[in-house]
1. Considering only residues that are touching a helix residue (DSSP H, G or I) at 6+ places or on another chain (Cβ under 9 Å) and away from the ligand (no atom under 16 Å from the Cβ), look in the stretch 25-46 and name the one that is most open to solvent (accessible area, probe 1.4 Å).
2. Name the one entry in Arg22, Arg59, Arg102 that is open to solvent by 30 Å² or more (accessible area, probe 1.4 Å), touching a Lys or Arg at 6+ places or on another chain (Cβ under 8 Å) and not small (Gly, Ala, Ser).
3. If the requirement is being touching a Leu at 6+ places or on another chain (Cβ under 6 Å), within 11 Å of the ligand (Cβ to nearest atom) and open to solvent by 10 Å² or more (accessible area, probe 1.4 Å), which of these qualifies: Ala49, Ala15?
4. Give me a count of the residues in the stretch 81-99 that are out of contact with any helix residue (DSSP H, G or I) (no Cβ under 9 Å at 6 or more places or on another chain), at pLDDT 95 or above and part of a loop (DSSP other than H, G, I, E, B).
5. Given the criterion within 14 Å of the ligand (Cβ to nearest atom), of a type in the set (Lys, Arg) and modelled with pLDDT of 95 or more, identify the matching residue among Arg22, Arg2, Arg10.
6. Pairs please, first residue from the stretch 134-160 and without any contact (Cβ under 8 Å) to a residue 12 or more places away in the chain, second anywhere and assigned to a strand (DSSP E or B), Cβ atoms under 8 Å, 6+ apart in sequence or on different chains.
7. Anything in the stretch 155-189 that is polar (S, T, N, Q) and outside any helix (DSSP H, G or I)? List them, or say none.
8. Pull up the stretch 141-165, narrow it to residues that are under 16 Å from the mean Cα position of the chain (by Cα) and among the small types (Gly, Ala, Ser), then point me to the one that is surrounded by the fewest Cβ atoms within 10 Å (Cβ to Cβ).
Amino acid sequence: MRTAILISGRGSNMAALLAAMRDPAYPARPAVVVSNRADAAGLALAAAAGVPTAVVESRGRPREAFEAALQEVLERAEVGFIALAGFLRVLSPAFVAAWEGRMINIHPSLLPAFPGLDTHARALAAGVRIHGCTVHWVSAEVDQGPIIGQAAVPVLPGDTPETLGARVLAQEHRLYPLALAVALGARPPLPEGEAILCL
Ligand code: GRF
């Protein structure tokens, strides 16, 4: 499946997906990496991996114009599936409807807990003992689409948003490639002995 990865920044989840896509047996191929910010560090990572990149600037532009330009890039790259990976722009109901069943996202919490931003600080403030990440289908309501997979981590004494976030991020990098394969109907077996991944 020709897959676009949409980013806004660092691109570590994108890198995890690209690494998985290097395996010929993996069901997705990178068609293009698109950023809505020209300064996203992930663009250089994608280029270094030999993956086509595009910038569709979102700042200072009406949403319709941004999404029309994005759609054009996706069509030119013959994209059949979209993986949002740290993409910080909310997509319109019309764009989401156009890609229904063909677009997934990774979110750094165990949804439906902590939708939105600052999830690690909010998890600590709430006193939860277990935190994690979720890959879900994208629906019109932000962070509310059907869940494809989750990975959980413990919250440890002395955790800061940074230490907890790093623990979650390591799991995001394991979960996202597995969940994308599941979303594409390939359903790979879980790694042996992994009780924390609930795909
Ligand atoms: C990740 O924590 C992801 O779950 C969230 O934004 C962050 C992006 O990080 N949606 P990266 O750009 O993949 O490194």
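1. Ranking the candidates gives Arg29 first.
2. Every option except Arg59 fails the conditions.
3. Values: Ala49 fails: within 11 Å of the ligand (Cβ to nearest atom).
The unique qualifying residue is Ala15.
4. Of the residues in that region, 1 qualify.
5. On the way: Arg22 fails: within 14 Å of the ligand (Cβ to nearest atom); Arg2 fails: within 14 Å of the ligand (Cβ to nearest atom).
Exactly one of Arg22, Arg2, Arg10 is within 14 Å of the ligand (Cβ to nearest atom), of a type in the set (Lys, Arg) and modelled with pLDDT of 95 or more, namely Arg10.
6. As it stands, the answer is Pro146/His136; Pro146/Trp137, since those pairs meet every condition given.
7. Filtering the stretch 155-189 down to residues polar (S, T, N, Q) leaves 160, 163, 171.
Scanning the stretch 155-189 gives a single hit, Thr160.
8. Looking at residues that are under 16 Å from the mean Cα position of the chain (by Cα) and among the small types (Gly, Ala, Ser), I get Gly165.
The values are calculated or read from the model by the stated rules, or taken from the named source; none is laboratory data. Computed from a prediction, not measured in an experiment: that's the story for all the values here. Every residue, glycine among them, receives a Cβ derived from its backbone with ideal geometry; neighbour counts consider all protein chains shown. Only protein heavy atoms, including side chains, enter the accessible area calculation; ligands, DNA and RNA are left aside. Shrake-Rupley method; radii C 1.70, N 1.55, O 1.52, S 1.80 Å.
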